[in-house]
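The values are calculated or read from the model by the stated rules, or taken from the named source; none is laboratory data. As the structure is a computational prediction, the values presented were derived from the model and not from experiment. Heads up, the Cβs are rebuilt from the backbone with ideal geometry, glycines too, and the neighbour counts pull from every protein chain shown. The area values use the complete protein model at the heavy-atom level, side chains included, leaving out ligands, DNA and RNA. Shrake-Rupley method; radii C 1.70, N 1.55, O 1.52, S 1.80 Å.
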Amino acid sequence: GVLNGALAIATLQNVRVGKAFIGCDGISRQQGFASNDLESAQLKAAMVQCAQSVVMLAAPQAVGRSALMSFYELGPSEERTTHLITTDAAASSEVEVLRSNGLRVTLCGEGIVEICLDCPPEQKWRVGFANLNEREEFAIAVRRGLEHAAQASNRIELLVADNDNDPRTALSNVRKMIEAGVNLLIEYQQDEL
């Protein structure tokens with residue numbers, strides 16, 4: 001079921017959340033984070049209050065725009081960290097205004113801009129990729145794309161394995177990747193064991 005209105009707000013007053021992901025219809029230096037729906041804005045304000053860390057999600061056209069009702073001020077808070085995720089189609093001048101006001105902003109696009117919200121920029125990642133096989137053009141193109149992204153980032157060590165279209169080989173590859181201490185495992189296999 002879905003909780004809305006006063007009951008949802010009352011429930012959130014007794015909840016503590018590590019990280020809340022909240023959408024917004026507008027974000028500007030003057031108004032902060034805002035929603036076009038009054039009831040939604042009240043619920044989002046309650047969600048912010050129960051969260052240790054807040055990640056706002058916004059369409060690029062929302063950046064620099066006002067909405068009907070503000071639910072959270074812009075700027076760093078001593079109690080919680082705040083982060084905005086939008087796309088690289090957002091107006092760069094508006095993004096810079098937000099950053100200059102202490103907001104951490106991640107722009108998503110074709111290239112990897114940021115991998116981890118709470119990680120230092122020098123963080124290295126070990127990523128495992130167990131490919132379907134090394135015979136099909138699409139599978140090879142997927143592997144090459146991952147290799148290209150890993151080389152371009154200088155922060156990713158890519159471990160590659162060939163599942164050879166075999167579920168038992170795929171399971172063995174997963175075990176090896178886990179033993180190798182990967183931070184992320186991408187498994188490309190069509191059959192279940």
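The residues of segment 109-146 that are open to solvent by 60 Å² or more (accessible area, probe 1.4 Å) and modelled with pLDDT of 85 or more, listed by number, are LYS124, ARG126, GLU134, ARG135, GLU136, GLU137, PHE138, ARG144.
If you take the residues of segment 164-193 that are open to solvent by less than 80 Å² (accessible area, probe 1.4 Å) and of a type in the set (S, T, N, Q), which of them is modelled with the lowest pLDDT?
My answer is GLN189.
LEU7 meets all of the listed conditions (1) modelled with pLDDT of 90 or more; (2) exposed (fewer than 15 other Cβ atoms within 10 Å of the Cβ) but one, namely (1).
LYS19 - would you say it is of a type in the set (D, E, K, R) and either in a helix (DSSP H, G or I) or closer than 20 Å to SER100 by Cα (or both)? In short, no. Scanning segment 56-95 for residues that are assigned to a strand (DSSP E or B), modelled with pLDDT under 95 and more than 20 Å from GLU39 (Cα to Cα) returns THR81, THR82, HIS83, LEU84, ILE85, THR86, THR87. Kindly indicate whether any position in segment 35-49 is touching a strand residue (DSSP E or B) at 6+ places or on another chain (Cβ under 7 Å), on the phi > 0 side of the Ramachandran plot and crowded, with 18+ Cβ neighbours inside 10 Å. The answer is no, given that none of the residues of segment 35-49 is touching a strand residue (DSSP E or B) at 6+ places or on another chain (Cβ under 7 Å), on the phi > 0 side of the Ramachandran plot and crowded, with 18+ Cβ neighbours inside 10 Å. Are any residues in segment 138-193 within 17 Å of LYS124 (Cβ to Cβ) and among the basic types (Lys, Arg), and if so, which ones? The answer is ARG155, and nothing else.
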